[in-house]
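My questions will all concern the structure given below.
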């Protein structure tokens, strides 16, 4: 009897895994609104197929393109959990960047993957969305690594955008790494954790000499990653159970993360956005969580101070860390409504 149960269990598990690998993905419809839009599909941008999620209660509403972080960490698998408020008054566009998530293809050559190419893709996506939704301009929001891609797109083609939001904005990369070190060192000293104090301090020379970035595990340990959400759990549950991803997509997510991380981090280390993007010709807003030390808050503020823009503002979400748009989603919704009204 035990053997039969075991065999049946194994068959069931195998069936579930196969089903999970093959089931077609989709995004739930938005009910009760005649002009709503809920689309999950692949489109071709600059010769590479990209996964795009478009959702909103009314497709006539202003459109926001969100550029995800990482590199290689798309959010389509779980982002609906946090953008329901935004969908009321905006059409939200999320996409998996080239070589990431559902936009990763095992047969594709990614030897030319670069930040500049991701900017090209974003500009092509922007044109697609403007045509698809009949918009002259859209709002652009870049988060974390996505703020590198996003602000460069806004710099290159300001005529396509109403305004730019840098959420957890990257600035002077190495200055940010040093700020993260000082924060974690202070936390370790407060907790009298001698092992961490020594390990953190040992990283200072590498950062000062621009050899190696500060380890993210210390930032997460000391509350500089997320405070009000469990982002890692959200991602895991999304990859396993959301209708937008199947198990094969989860495998692609892991492969794309490895490839993007390996290919793009060296370029990130060599970047200095205050020198590369010294001005914007559109309104510019940086939104930082008060406890963000993955893309440290003061470094972002210093960058904004140096930017020349027709209008700029630094906005702090007091209870958040690296994900203010998720950790305080209602406050972020209110902010977007306020900014949208100011642009009319």
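The values are calculated or read from the model by the stated rules, or taken from the named source; none is laboratory data. The structure displayed is predicted, hence computed values, not measured ones. Virtual Cβ from ideal backbone geometry, glycine too; neighbours counted across all protein chains shown.
What are the residues in region 103-131 that are under 30 Å from residue 337 (Cβ atoms) and either without any contact (Cβ under 8 Å) to a residue 12 or more places away in the chain or touching a helix residue (DSSP H, G or I) at 6+ places or on another chain (Cβ under 6 Å) (or both), if any?
Passing the criteria: 118, 119, 122, 123, 126, 131.
Restricting attention to region 312-344, and to residues there that are without any contact (Cβ under 8 Å) to a residue 40 or more places away in the chain and in a loop (DSSP other than H, G, I, E, B), which single residue is farthest from residue 232 (Cα to Cα)?
Step by step, filter region 312-344, then rank; the result is 344.
Which strands (runs of 3 or more DSSP E) does region 27-92 wholly contain that include 2 or more residues that are modelled with pLDDT of 95 or more and either out of contact with any helix residue (DSSP H, G or I) (no Cβ under 9 Å at 6 or more places or on another chain) or over 25 Å from residue 324 (Cβ atoms) (or both)?
The strands (runs of 3 or more DSSP E) meeting that bar are 37-45, 48-56.
Then there is this: Between 135, 152, which is buried (at least 17 other Cβ atoms within 10 Å of the Cβ) and either at pLDDT below 95 or farther than 19 Å from residue 286 by Cα (or both)?
When all the criteria are applied, what remains is 135.
Since residue 212 meets every condition but one in (1) touching a helix residue (DSSP H, G or I) at 6+ places or on another chain (Cβ under 7 Å); (2) assigned to a loop (DSSP other than H, G, I, E, B); (3) surrounded by 14 or more Cβ atoms within 10 Å (Cβ to Cβ), which condition does it not meet?
Of the numbered conditions (1) touching a helix residue (DSSP H, G or I) at 6+ places or on another chain (Cβ under 7 Å); (2) assigned to a loop (DSSP other than H, G, I, E, B); (3) surrounded by 14 or more Cβ atoms within 10 Å (Cβ to Cβ), the odd one out for residue 212 is (3).
List, please: which pairs have Cβ atoms under 6 Å, are six or more places apart or on different chains, and start with a residue in region 224-238 that is within 13 Å of residue 73 (Cα to Cα) and end with one that is in a loop (DSSP other than H, G, I, E, B) and modelled with pLDDT under 95?
none
Within region 226-248, can one find any residue that is surrounded by fewer than 16 Cβ atoms within 10 Å (Cβ to Cβ), outside any loop (DSSP other than H, G, I, E, B) and in contact with a helix residue (DSSP H, G or I) (Cβ under 6 Å, 6 or more places away or on another chain)?
Looking for residues that are surrounded by fewer than 16 Cβ atoms within 10 Å (Cβ to Cβ), outside any loop (DSSP other than H, G, I, E, B) and in contact with a helix residue (DSSP H, G or I) (Cβ under 6 Å, 6 or more places away or on another chain), one finds at least one in region 226-248, hence yes.
Of the conditions (1) surrounded by fewer than 21 Cβ atoms within 10 Å (Cβ to Cβ); (2) in contact with a helix residue (DSSP H, G or I) (Cβ under 9 Å, 6 or more places away or on another chain); (3) in a loop (DSSP other than H, G, I, E, B), residue 294 fails just one. Which one is it?
Looking at each condition in turn, residue 294 falls short on (1).
Is there a residue being assigned to a helix (DSSP H, G or I) and closer than 16 Å to residue 166 by Cβ anywhere in region 257-273?
Yes: region 257-273 contains one or more residues that are assigned to a helix (DSSP H, G or I) and closer than 16 Å to residue 166 by Cβ.
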